[in-house]
Amino acid sequence: MQDCIFCKIANGEMGELIYENERAAAFADLNPQAKTHILVVPKDHYANIVDGVPSEVLADMVEAVEHVTQEAGIRESGFRVIMNTGDDAGQMVHHLHMHVLGGEPLGEGLITR
Ligand code: AMP
Ligand code: ZN
């Protein structure tokens, strides 16, 4: 989608990727809310998790989570995955993304809102 910043990042037109597979890409959050804060996004544009996302896209996103948490050394210590959806969740970027947060105890409060 034109003028979508995450479309551009995911498809290598700007910024720097940490990891990519066939249908998903991962990059560092601009404003990290934990020691490790990575965003995993589909390369194609979907507004959110209830925008008819094909199962193979979700599978590639999960594969990317597995890969980046292993690389970041947080797979064993634990991490949190958040997908803000719509206004009440405070979704700011309307290109589907998983926040992957970890690297320190995250506590019980909500992070990324
Ligand atoms: P959300 O509120 O779930 O839509 O979160 C959007 C996230 O995208 C926030 O954590 C921002 O810090 C992050 N973000 C916005 N623009 C960029 C960018 N250009 N590169 C990396 N992260 C970004
Ligand atoms: Zn997009």
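The values are calculated or read from the model by the stated rules, or taken from the named source; none is laboratory data. In this text the structure is predicted, and so the values were computed from the model without any measurement. We work out accessible area using only protein heavy atoms, side chains counted, and drop any ligands, DNA or RNA first. Shrake-Rupley method; radii C 1.70, N 1.55, O 1.52, S 1.80 Å.
Points to keep in mind about this one:
- On Cα atoms only, tilt of 55-71 relative to the major axis of the chain in degrees: 40 degrees
- Counting only protein heavy atoms and a probe of 1.4 Å, the accessible surface of the chain is 50% carbon and sulfur.
- Vicinal HN-Hα couplings computed from phi for the stretch 30-42 (Karplus, 6.51 cos²θ - 1.76 cosθ + 1.60; Hz; Gly/Pro x): 4, 10, x, 10, 7, 3, 10, 9, 10, 10, 10, 10, x
- The relative contact order of the chain, computed from alpha carbon pairs under 8 Å that lie at least 6 residues apart in sequence, is 30 percent.
- The alpha-carbon positions of the chain define a convex hull whose volume is 101 Å³ per residue.
- For the chain, a Gaussian network of Cα nodes joined below 10 Å ranks MET14, MET98, MET83 by mean-square fluctuation, and the top entry is MET14.
- Solvent exposure of the stretch 5-102 as accessible area per residue, Å², 1.4 Å probe: 53 Å²
- Potential lengthening between GLU66 and ASP44 on full extension [0.36 nm per residue; Cα-Cα distance subtracted]: 5.9 nm
- Among LEU96, LEU17, LEU30: highest mean-square fluctuation, GNM of the chain, C-alpha pairs under 10 Å: LEU30
- Relative to the current alpha-carbon distance between ILE18 and SER77, full extension at 0.36 nm per residue lengthens the span by 19.2 nm.
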